[in-house]
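Have a look at the structure below, then the notes.
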Amino acid sequence: QPPPCCMPHLVRTVLLLLALCGCLATASGSLNFLLLGDWGLPVKYAGDIARQATRAQTNFTIAIGDNFYPSGVTSIDDKQWQTTFEKIYTAPVYQSTWEVVLGNHDHKGNVTAQIAYTQRSARWNFPSMYRTTTHALPGTTQTVQFVYIDTQTLKTGTDVAQLNWIKATLANSTADWIHVVGHHPVYSSGWHGPTTPFLESALRPLLEEAKVVAYWCGHDHGMQHSVKNGVNYFLVGNAAKFSAQDAHQLPSGVQQLFAWPTSSFQLAKCHVNVSVCNGYAIAEQGVQALKLTYLRPNRSGIQYSVVVPNPRAK
């Protein structure tokens with residue numbers, strides 16, 4: 001029997017082997033979703049994303065903010081609805097629900113228009129600035145809760161109503177799995193770096209207390225995976241833009257497992273072929289574990305993949 005100190009590594013290894021052999025796709029199935037962050041330009045590789053998302057049989061898409069560059073939209077009739085969204089994401093896999101949060105660039109425009117577009121679109125789902133949804137894990141009695149928040153106002157420390165709502169929502173959750181989605185990172189080694197001390201001091205303890213499996217964010221234009229006190233911090237922010245992800249040191253106690261692109265790769269590759277530094281993520285929520293895969297477009301393939309256990313497991 002391995003010593004207690006080695007058990008987390010053993011669990012991760014076993015889960016990774018299960019994922020690689022396809023054992024996580026049990027008869028009970030999984031809840032799979034596509035993640036796009038900082039995607040607010042007419043991307044040229046939507047067909048590649050669609051192929052991967054179709055292969056993974058994603059159930060819905062999460063749009064992690066900065067949905068429209070440079071300054072959001074002006075109205076529900078803004079031409080960017082067509083040029084950045086409707087005419088780009090046309091494949092069948094994109095016709096399922098898009099769960100949306102706002103980024104800082106969206107806040108420069110008409111926020112109400114992005115809410116109102118929910119009534120016009122069959123797939124755009126952004127009925128309020130923050131909200132929660134719960135999904136049944138197919139074929140099981142497990143539930144998966146997603147908590148969508150507006151970090152542009154939360155990070156200032158003045159949005160007391162939202163913070164109290166987050167506290168209550170997480171504290172009262174009976175879901176087997178909890179995911180929290182916001183645009184700004186709690187931790188980031190990228191060009192922007194950590195957003196504000198308030199997210200680290202006020203939001204992080206709530207994530208830990210509720211045993212949230214993942215906090216999903218964007219804002220920095222790359223891919224990152226960091227862990228602190230059992231919470232996985234997944235950054236997905238390079239759908240349309242990119243920047244070096246090794247620009248800042250993370251605080252003590254935060255373990256960074258992955259960050260890309262590095263400054264050396266960016267200098268050598270990104271400005272020669274922009275799309276090689278873009279990317280997106282696909283998550284597969286199974287009964288025993290969550291699998292996250294970061295992908296690059298145009299057959300560049302898997303950039304990083306990890307399997308993590310459920311911190312709320314009894």
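The values are calculated or read from the model by the stated rules, or taken from the named source; none is laboratory data. Keep in mind that this is a model prediction, so the values were computed, not measured. Neighbour counts are summed over all protein chains in view; Cβ atoms, including those assigned to glycine, are modelled from backbone coordinates with ideal geometry. With ligands, DNA and RNA removed, areas are computed over all heavy atoms of the protein, side chains included. Shrake-Rupley method; radii C 1.70, N 1.55, O 1.52, S 1.80 Å.
Note that the chain shows a convex hull volume over its alpha carbon atoms of 137 Å³ per residue. Under the convention that each Lys and Arg Cβ holds +1 and each Asp and Glu Cβ holds -1, the size of the dipole of segment 152-265 around its Cα centre is about 60 debye.
In order along segment 50-63, the phi-based Karplus estimate (6.51 cos²θ - 1.76 cosθ + 1.60, θ = phi - 60°) of 3J(HN,Hα) comes to 4, 4, 5, 5, 5, 4, 7, 6, 5, 8, 6, 10, 10, 9 Hz; Gly and Pro are listed as x.
Pairs spanning more than 30 Å between alpha-carbon atoms, out of K44/K155; K155/K291; K87/K211: K44/K155; K87/K211.
Taking amide H atoms as placed 1.01 Å from N in the peptide plane, the amide H of N32 lies under 5 Å from those of N59, Q285, each 5 or more residues away in sequence or on another chain.
Once you have a ≥ b ≥ c as the square roots of the Cα gyration tensor eigenvalues for segment 35-117, tell me rounded if a/c is under 1.5, and otherwise prolate or oblate according to whether a/b is larger than b/c. Prolate, since a/c reaches 1.5 and a/b exceeds b/c.
3J(HN,Hα) couplings calculated from phi for segment 229-244 with the Karplus curve 6.51 cos²θ - 1.76 cosθ + 1.60 (θ = phi - 60°) are, in sequence order, 6, x, 9, 8, 9, 9, 9, 10, x, 10, 5, 10, 9, 8, 7, 5 Hz; Gly and Pro show x. Counting only Cβ charges, +1 for Lys and Arg and -1 for Asp and Glu, the dipole size of the chain around its Cα centre is about 520 debye. Rg/Rh for segment 167-275 (Cα atoms only, Rh after Kirkwood) is 1.02. Taking all protein chains into account, the per residue accessible area for segment 148-290 stands at 36 Å² (1.4 Å probe).
Modelled label positions at N229 and A168, each set 7 Å beyond Cα in the direction of Cβ, lie 2.4 nm from each other. Amide H contacts of G65: D38, V101, each under 5 Å away and 5 or more positions distant or on a separate chain (H built 1.01 Å from N in the peptide plane; Pro and chain starts excluded).
As a length-normalised measure over Cα pairs under 8 Å and 6 or more apart, the relative contact order of the chain settles at 19 percent. Helices in the chain, meaning DSSP H runs of at least 4 residues, each add -39500 (n - 2.57). Divided by all residues, the mean residue ellipticity at 222 nm is -5000 deg cm²/dmol. Using a probe radius of 1.4 angstrom, the carbon and sulfur fraction of the accessible surface of the chain is 55%. Packing, as the average of other Cβ atoms within 10 Å across residues, places the peptides 129-138, 216-225, 41-50 in the order 216-225, 41-50, 129-138, highest first. Please give the FRET efficiency for A313 paired with T156, using the beta carbon to beta carbon distance and R0 = 41 Å, rounded to the nearest 0.05. Approximately 0.70, to the nearest 0.05. Rank Y233, L163, Y294 by how far each Cα sits towards the positive end of the charge dipole of segment 151-305 (+1 on Lys, Arg Cβ; -1 on Asp, Glu Cβ) and give me just the farthest. Highest projection toward the positive end goes to Y294.
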